[in-house]
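Accompanying notes for the structure given below.
The values are calculated or read from the model by the stated rules, or taken from the named source; none is laboratory data. Here the structure is a predicted model, which means the values were calculated and not measured. Here Cβ is always computed from backbone atoms with ideal geometry, including for glycine, and neighbour counts include all displayed protein chains. Please note that ligands, DNA and RNA were not included when accessible areas were found on the heavy atoms of the full protein model with its side chains. Shrake-Rupley method; radii C 1.70, N 1.55, O 1.52, S 1.80 Å.
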Number of protein chains: 2
Amino acid sequence: MDCEIITIGDEIMTGHTVDSNSAAISELLTSIGINVKYRSSIGDSVEAMEESFHLALKRVRLIITTGGLGPTDDDLTKRAIVKVFRRNLVFHEDLLEDIKARWSARGIEMPAINQNQALLPQGATFFPNKNGSAVGICITESGRIFISLPGVPFEMKQILTDEIMPYLKNLSGTRPISVLKLRTTGIVESKLAEIIMSDLQLEPGVRLAYLPGFSGVDLRILATSDSQERSDAKAESLARKIESKCGKYIYGRNDDTLESAIGQLLRDNDKTICTAESCTGGQLGQIITTISGSSDYFVGSVVAYDDAVKIEQLEVDPATLKKYGAVSEQTALQMAAGARKLFGTDYALSITGIAGPEGGTDEKPVGNIWIGLASAHSNIARLFSLGRERQVNRARASYAALELLRRDILDL
Amino acid sequence: MDCEIITIGDEIMTGHTVDSNSAAISELLTSIGINVKYRSSIGDSVEAMEESFHLALKRVRLIITTGGLGPTDDDLTKRAIVKVFRRNLVFHEDLLEDIKARWSARGIEMPAINQNQALLPQGATFFPNKNGSAVGICITESGRIFISLPGVPFEMKQILTDEIMPYLKNLSGTRPISVLKLRTTGIVESKLAEIIMSDLQLEPGVRLAYLPGFSGVDLRILATSDSQERSDAKAESLARKIESKCGKYIYGRNDDTLESAIGQLLRDNDKTICTAESCTGGQLGQIITTISGSSDYFVGSVVAYDDAVKIEQLEVDPATLKKYGAVSEQTALQMAAGARKLFGTDYALSITGIAGPEGGTDEKPVGNIWIGLASAHSNIARLFSLGRERQVNRARASYAALELLRRDILDL
């Protein structure tokens with residue numbers, strides 16, 4: 001089945017916002033064998049929407065739009081829908097009650113303008129929005145499926161995942177496809193490709209993609225066959241081959257993250273952890289605690305941005321700071337050991353570095369970041385020479401710290 | 001002048017890659033008054049390109065494509081161009097010499113496949129690529145301008161900025177436009193619209209968009225007129241009117257962020273800050289330290305995920321935790337006061353709440369988050385009732401804490 005994704009909003013057309021919705025939708029549709037043939041974006045204009053909806057209805061069977069479903073004057077998608085499909089807007093009393101309840105749960109009286117959100121095209125199906133008041137709208141007509149979703153990414157994703165995907169999977173015209181992701185860290189893309197592709201031929205109908213990100217390189221396997229079972233078996237067979245070649249770099253599959261893998265390892269081994277952070281400002285703790293239930297193993301952090309905090313809270317020796325500086329192996333080692341003592345945990349990770357763009361010297365350039373680890377059996381530190389971009393360096397350093405811990409726990 | 005941007009590549013259509021080129025091009029074109037009316041994306045297929053180029057040539061005067069200009073088999077843009085414009089590919093000896101020189105400067109012999117890059121459509125103009133071997137291609141025909149750029153973002157941006165922008169600025173048909181962004185926080189979109197639109201009529205040629213995000217709602221003003229000065233004046237006039245109506249919600253303009261605005265306030269007032277975080281795990285400190293130079297005012301944090309850390313590091317009274325719980329006004333107040341004492345700062349912010357999705361009760365549902373503030377003159381706490389999604393709740397709580405501080409410093 002061919003699909004067109006249409007994202008709507010002046011903020012997209014002027015470049016204020018990078019359109020991430022299109023990629024998120026494309027990825028999910030591709031994973032169930034729907035072919036995203038066209039993608040387009042248009043501004044907040046009823047005329048532009050009409051033109052674009054008509055064109056899409058001519059050339060594909062499935063159309064998914066995002067944006068323009070809010071309550072304000074620049075939210076015009078419903079107006080275009082009723083024109084294109086020649087329908088009226090109908091007021092839904094029950095929906096208004098839901099929306100009012102949502103506002104009062106937040107302790108705010110609903111502004112009158114939000115009544116608009118209970119007006120919906122006649123004869124449409126609605127998909128509930130758990131995170132906002134703009135519901136998803138679905139119209140089927142003349143063999144076409146037209147779905148409108150809100151533009152706020154986390155609202156869009158919730159409706160897409162919980163409502164639209166199960167709906168689309170049940171339609172005819174989708175091909176059995178199996179998608180499997182192996183998640184690696186601590187190795188660059190080209191080296192990974194060298195290891196994997198030595199004496200390996202991909203079966204027909206199997207594709208392998210290398211997807212690099214902050215926490216490592218993901219390997220995406222896409223397998224198609226004439227049945228779901230055979231597609232799954234093909235994907236699994238390649239995954240096993242890759243795991244046997246470079247298993248130590250693979251921390252998980254599919255939705256596993258480095259932080260969820262670490263969390264599982266700590267929980268399985270009944271161990272606890274804390275962190276001591278300088279240049280990351282709290283990001284390592286933030287990443288560890290993205291996992292709900294991380295309180296089982298994560299105790300706390302000290303963010304020691306000022307050297308006085310390193311000395312007073314983490315017991316870093318002032319003489320060490322003076323002799324080697326805050327960005328040094330010695331300081332990283334002492335920060336980790338100090339945090340482990342302070343919090344009484346099994347493991348402690350520390351990060352101290354020059355995130356940039358300011359603060360670099362010839363001896364210690366921007367991107368030089370020391371990661372430390374303390375445990376009952378070791379106190380080690382590693383230097384990472386990262387790039388010039390502050391936010392990228394901070395994210396990479398946080399994941400490098402988690403990888404150092406993973407290797408230590410697994411003795412890799 | 002109306003423009004269509006067409007981005008090309010299978011990696012875009014499957015969602016492997018978020019298309020950031022479209023936004024980058026849109027932003028630059030908008031800034032010189034070119035109206036980006038359509039944006040579309042298609043896969044690596046000559047047929048899809050032909051169809052899409054023909055459609056674009058019908059509906060706009062300027063077309064910019066990215067992608068598909070590399071040397072490999074899936075780089076098909078030139079094949080589509082010669083079909084659509086009925087031209088031949090011509091071999092450019094001088095260009096081949098340039099490409100060979102580029103490879104030998106890297107100490108590598110040019111792989112033979114790269115000879116393709118010296119084949120270019122007859123009668124086209126070329127824009128040099130400083131960072132790669134795929135040059136930009138420009139064809140003008142029947143009043144249309146068709147420009148093809150490589151898809152690698154930093155190569156695309158260099159050609160666009162250095163070559164295409166000066167070229168487009170000299171064309172007739174571009175209208176002077178002024179874009180101005182007011183950044184608000186602490187107020188919802190619909191309430192903001194109610195305040196702004198009461199007794200306000202937008203002048204002709206002026207548009208106002210509401211752009212919600214985690215840290216608040218941005219207001220984007222877009223004004224056009226017959227000269228740059230008059231466009232700027234129109235935009236500024238509306239900005240002033242909005243500022244007089246709801247100035248207390250506006251923390252900055254354009255590239256200002258809530259964390260940069262807070263940083264400026266602290267620096268201007270020669271004040272320091274620290275944080276005490278529970279459910280955010282370090283995110284508030286991470287956000288404050290996204291600003292290079294934040295060490296001037298940010299001292300450090302305690303992430304007190306475990307209650308023992310709240311007691312030992314932040315001096316929260318165990319009786320308070322027992323009586324009111326960790327997620328309570330009393331605990332938030334004591335966390336802030338304790339952090340301020342520990343770090344010796346002027347201000348301290350605390351966050352303690354139920355980020356979800358687990359851990360909610362009837363009395364304290366998921367999304368209930370207390371934010372505390374301690375300073376020489378106040379110790380306050382506010383309850384925020386946020387949504388159900390963990391990561392969204394944590395980001396919103398972090399920005400709500402910054403907003404509480406902004407209000408306190410400015411006495412709003």
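Return, ordered by residue number, the residues of the range B:183-212 whose backbone nitrogen is under 13 Å from a label point located 7 Å along Cα→Cβ of B:Ser237.
Answer for the range B:183-212: B:201-207.
Add -39500 (n - 2.57) for each DSSP H run of 4 or more in chain B, then divide by its residues: what number comes out at 222 nm, to the nearest 500 deg cm²/dmol?
Taken over chain B, the calculation gives -11500 deg cm²/dmol.
Rounded to the nearest 0.05, what FRET efficiency is calculated for A:Lys271 and B:Arg144 with R0 set to 60 Å and r the Cβ-Cβ distance?
0.40
Could you tell me what percent of the accessible area of the protein assembly as shown is made up of carbon and sulfur, with a 1.4 Å probe and every protein chain present?
Carbon and sulfur: 48 percent of the exposed surface of the protein assembly as shown.
Roll a 1.4 Å probe over the protein heavy atoms and report the accessible area of A:Trp370 in Å², nearest 10.
Only protein atoms counted, so the area is about 50 Å².
Cα gyration tensor of the range A:70-189, axes a ≥ b ≥ c as square roots of the eigenvalues: rounded (a/c below 1.5), prolate (a/b > b/c) or oblate?
Since a/c reaches 1.5 but b/c is at least a/b, the shape of the range A:70-189 is classed as oblate.
With a 1.4 Å probe on protein heavy atoms only, tell me which residues of the range A:104-119 lose at least 30 Å² of accessible surface in the complex relative to the chain by itself.
A:Arg106, A:Pro111, A:Ile113
State to the nearest 20 debye the size of the charge dipole of chain B about its Cα centre, where the only charges are +1 on K and R beta carbons and -1 on D and E beta carbons. Before the final figure, lay out each step's value.
Working: 45 positive and 53 negative charges, 186 e Å.
Here chain B has a charge dipole of around 900 debye.
So which GluC sites (Glu not before Pro) in the range A:1-89 are both in a DSSP loop and have at most 11 other Cβ atoms within 10 Å of their Cβ?
none
Which shape class, rounded, prolate or oblate, goes with the range B:8-78 when its Cα gyration tensor gives a ≥ b ≥ c as root eigenvalues, a/c under 1.5 marks rounded, and past that a/b bigger than b/c marks prolate?
Judged from the Cα gyration tensor, the range B:8-78 comes out oblate (a/c at least 1.5, b/c at or above a/b).
I'd like the interface area for chains B and A: accessible area of each alone minus the complex, both sides summed, 1.4 Å probe, protein heavy atoms only. What is it in Å² to the nearest 100?
It comes to approximately 5700 Å² buried between B and A.
What distance in nm separates the two pseudo spin-label positions at B:Val90 and A:Phe91, each 7 Å out from Cα along the beta-carbon direction?
Here the modelled spin labels are 6.8 nm apart.
Expressed as a rounded percentage, what relative contact order does chain A have, with Cα pairs under 8 Å and six or more residues apart?
10 percent.
Which of the residues in the range B:26-43 show a loss of at least 10 Å² in accessible area from their chain by itself to the complete set of protein chains, at a probe of 1.4 Å?
B:Ser26, B:Glu27, B:Thr30, B:Val36, B:Lys37, B:Tyr38, B:Arg39, B:Ser40, B:Ser41, B:Ile42
In square angstrom, rounded to the nearest 10, how much accessible surface does A:Arg183 have for a 1.4 Å probe?
40 Å²
What are the label-to-label distances in nm, one decimal and shortest first, from B:Asn254 to the same spot in the other copies, with labels 7 Å along Cα to Cβ?
Label point to label point, same position, other copies: 4.8 nm.
For B:Ser295, which inter-copy label distances result when the label point lies 7 Å beyond Cα on the Cα-to-Cβ vector, reported in nm to one decimal and in ascending order?
Inter-copy label distances (nm, one decimal, shortest first): 3.5.
Of the options B:Thr65, B:Leu119, B:Ser142, report the single residue whose Cα projects farthest towards the positive end of the charge dipole of the range B:58-150 (beta-carbon charges: Lys, Arg +1; Asp, Glu -1).
Ranked along the dipole, the leading option is B:Ser142.
Given a 1.4 Å probe and the protein chains all in place, what does the accessible area of B:Asp218 round to, in Å² to the nearest 10?
The value for B:Asp218 is about 10 Å².
What residues in the range B:1-22 lose 10 Å² or more of accessible surface when the other protein chains are added to their chain alone (1.4 Å probe)?
Residues of the range B:1-22 that lose at least 10 Å² of accessible area once the other chains are added: B:Asp10, B:Ile12, B:Met13, B:Thr14, B:Gly15, B:His16, B:Val18, B:Asp19, B:Ser20.
For Cα pairs less than 8 Å apart in space and 6+ apart in sequence, what is the mean separation divided by the residue count of the range A:189-342, i.e. the relative contact order in percent?
Working: 160 pairs, mean separation 22.0, N = 154.
Relative contact order for the range A:189-342 comes out at 14 percent.
Work out the charge dipole of the protein assembly as shown with +1 on the Cβ of Lys and Arg and -1 on the Cβ of Asp and Glu about the Cα centre, then indicate which of A:Ile371, B:Gly33, B:Thr320 is farthest towards its positive end.
B:Gly33
Measuring with a 1.4 Å probe in the full set of protein chains, what accessible area per residue, in whole Å², belongs to the protein assembly as shown?
Values: 34200 Å² over 824 residues.
Accessible area per residue: 41 Å².
Quick one: pull the percentage of alpha-carbon pairs in chain A with a separation above 27 Å.
Summing the P(r) of chain A above 27 Å gives 63 percent of all pairs.
Taking just the alpha carbons, could you work out the radius of gyration and Dmax for the protein assembly as shown, both in angstroms?
Using the Cα atoms of the protein assembly as shown, the pair Rg, Dmax is 27.9, 84 Å.
Treating only the Cβ atoms of Lys and Arg (+1) and Asp and Glu (-1) as charged, compute the dipole magnitude of the range A:2-169 about its Cα centre; round to the nearest 20 debye.
Once rounded to the nearest 20, the dipole reads 560 debye.
At what distance in nm do the modelled label points of A:Asp73 and B:Phe126 sit from each other, each positioned 7 Å from its Cα along Cα→Cβ?
Taking the simple label geometry, A:Asp73 and B:Phe126 are separated by 5.1 nm.
For label points placed 7 Å from Cα toward Cβ, what is the shortest-first list of nm distances from B:Ser237 to its copies?
Between copies, matching label points for B:Ser237 lie 7.2 nm apart.
Against the longest alpha carbon principal axis of chain B, how many degrees, from 0 to 90 and to the nearest 10, is the axis of helix B:390-410 turned?
Roughly 70 degrees between the two axes.
Please label the shape of the range B:190-337 as rounded, prolate or oblate, based on the square roots a ≥ b ≥ c of the eigenvalues of the alpha-carbon gyration tensor (a/c under 1.5 means rounded; beyond that, a/b larger than b/c means prolate, else oblate).
prolate
What angle, in degrees between 0 and 90 and rounded to the nearest 10, separates the Cα long axis of helix B:21-31 from the longest principal axis of the Cα atoms of chain B?
The helix B:21-31 is inclined about 90 degrees to chain B.
About the Cα centre of the protein assembly as shown, what is the dipole size in debye to 20, counting +1 per Lys and Arg Cβ and -1 per Asp and Glu Cβ, all else neutral?
So the dipole magnitude of the protein assembly as shown works out to roughly 840 debye.
Only sites in a loop by DSSP and with at most 10 other Cβ atoms within 10 Å count here; which GluC sites (Glu not before Pro) in the range B:81-182 make the cut?
Qualifying residues, ordered by number: B:Glu109.
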